[in-house]
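Notes follow once the structure below has been shown.
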């Protein structure tokens, strides 16, 4: 009976957290990416932390002489971003007004990301080693921007807070020490966060493909991009920013299924 009361209290606490924080800051667009999200921290907090991290990353790269050394590549990536950024208004009215920034680090690493608030970083290896076309760069960029639009980082931080709150409460009620709560937290991150991140990746694929098309880049490049990614990762470790993504084959099928929806947007953008 005691354990049942504890379970009831924990369930009520989690429900209260969830009800108080369920919201979304984005619209679904033509691809229908509609979902409520658990948001227990503010966008401003995440944006501030992201800006600090981004500035440190730039400073470190600058000290190593690897920041924006290829001016042609930098201008190319910035030009693509300039076409995608205005299209973000479809999903968030405030996004075109973000303090966007795009930089390139010279590195063999196959990586790219967009931090909360619009801080974009590409690694030169992703473009040069895979010989990406502008449309393929746009697919990658649209995907990474979608993570920021959808505030996936904010959502995952909120999920971790909710989990730790429940774990801490359960440990206190059961008379366990902090070590047990910490161990449970590690288990949560290992077993649950990855599953959620796969959901995030599928969502970013959908939104990103629409951004690509609306910016006037052929969304069919999504198929050739992931074919290149699959070849690059065959027989070895996948590119870093694909570590928790869906399999290449399922991703290609998803893109092909979305093409009838996004190709008319591409055609309209090209008029």
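Please treat every number below as a calculation from the coordinates, not as lab data. Model, not experiment: these values are computed from the prediction. Note that we place each Cβ from the backbone using ideal geometry, even for glycine, and neighbour counts take in every protein chain shown.
Volume of the convex hull of segment 96-138 (Cα atoms only), normalised per residue: 66 Å³. Note on residue 128 and residue 230: the extension gain reaches 35.1 nm, defined as 0.36 nm multiplied by sequence separation minus the Cα-Cα distance. Rounded to the nearest 0.05, what FRET efficiency is calculated for residue 56 and residue 82 with R0 set to 22 Å and r the Cβ-Cβ distance? Once rounded, the FRET efficiency stands at 0.30. Taking packing as the residue-averaged number of other Cβ atoms within 10 angstrom, the listed peptides 141-147, 61-67, 224-230 run from highest to lowest as 141-147, 224-230, 61-67.
When each of the peptides 250-262, 102-114 is scored by how many other beta carbons lie within 10 Å of its residues on average, the order from highest to lowest is 102-114, 250-262. Under the simplified labelling scheme, the residue 198-residue 70 pair shows an inter-label distance of 3.3 nm, with each label point 7 Å from Cα along Cα→Cβ. In segment 45-123, the C-alpha radius of gyration followed by the widest Cα-Cα span (Dmax) gives 13.0, 38 angstrom.
How would you rank 52-59, 77-84, highest first, on the average number of other Cβ atoms within 10 Å across their residues?
Going from most to least packed, we get 77-84, 52-59.
Using r as the Cβ-Cβ distance of residue 257 and residue 93, and R0 as 22 Å, what FRET efficiency do you calculate, to the nearest 0.05? Taking R0 as 22 Å, the efficiency between residue 257 and residue 93 is 0.20.
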